[in-house]
Amino acid sequence: MKAYGIGFHQGKYEALVQIRPVKVWRDADKDMEFDETKIDEGLFGINIHKAGADSTYVENWSEGCQVFKTLADFDEFMTIMRKARDAGFTQFTYTLINSKDILTQNS
């Protein structure tokens, strides 16, 4: 699902912003533990943005969002997104995977 487009995160700077509803799994009892049973779907402002120059702690101020640890990585990501936009792509799908789940040629 193409749920993201280039826009302004909190009106401050370009990032990938949510443009379509997504499903989220809520921490229904707020115990900081994953709850599989509480699922909501909607527009929540769940964006893909930067955390800071070199952030190691996000806490709950970006709940649901995907944040980049380093500004350099975010800038590289946005350069790619802008090139895609300039080539005519305005909506994006985002999939987060664990690098250890990718098979390499030596595996």
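The values are calculated or read from the model by the stated rules, or taken from the named source; none is laboratory data. Worth saying up front: this structure is predicted, and the values here are computed from it rather than measured. Glycine gets a Cβ as well: all are built from the backbone with ideal geometry, and neighbour counts include every protein chain shown.
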From the residues in region 1-39 that are under 16 Å from the mean Cα position of the chain (by Cα) and among the charged types (D, E, K, R), which one is surrounded by the fewest Cβ atoms within 10 Å (Cβ to Cβ)?
Lys23
Any hit, region 43-52, residues being of a type outside the set (Gly, Ala, Ser) and loosely packed, with under 14 Cβ neighbours inside 10 Å
yes
Look through Thr90, Thr37 and report the one residue that is modelled with pLDDT under 85 and hydroxyl-bearing (Ser, Thr, Tyr).
Thr37
Region 61-82, subset over 13 Å from Glu14 (Cβ atoms) and charged (D, E, K, R), residue modelled with the lowest pLDDT:
Glu63
Is there a residue in region 48-71 that is in a loop (DSSP other than H, G, I, E, B), in contact with a His (Cβ under 9 Å, 6 or more places away or on another chain) and free of Cβ contacts under 8 Å to residues at least 40 places away in the same chain?
yes
Looking only at region 51-72, decide whether some residue is in contact with a Pro (Cβ under 6 Å, 6 or more places away or on another chain) and not aliphatic (A, V, I, L, M).
no
Exception for Arg20 within (1) assigned to a helix (DSSP H, G or I); (2) closer than 18 Å to Thr95 by Cβ falls at (1)
Sole exception among (1) touching a Pro at 6+ places or on another chain (Cβ under 9 Å); (2) touching a residue at least 60 places away in the same chain (Cβ under 8 Å); (3) of a type in the set (Gly, Ala, Ser) for Gly42, by number
(2)
Within region 72-93, count every residue that is closer than 21 Å to Val22 by Cα and surrounded by 13 or more Cβ atoms within 10 Å (Cβ to Cβ).
4
Residues to consider are Ala28, Ala53; find the one that is farther than 20 Å from Tyr94 by Cα, touching a Lys or Arg at 6+ places or on another chain (Cβ under 8 Å) and among the aliphatic types (A, V, I, L, M).
Ala28
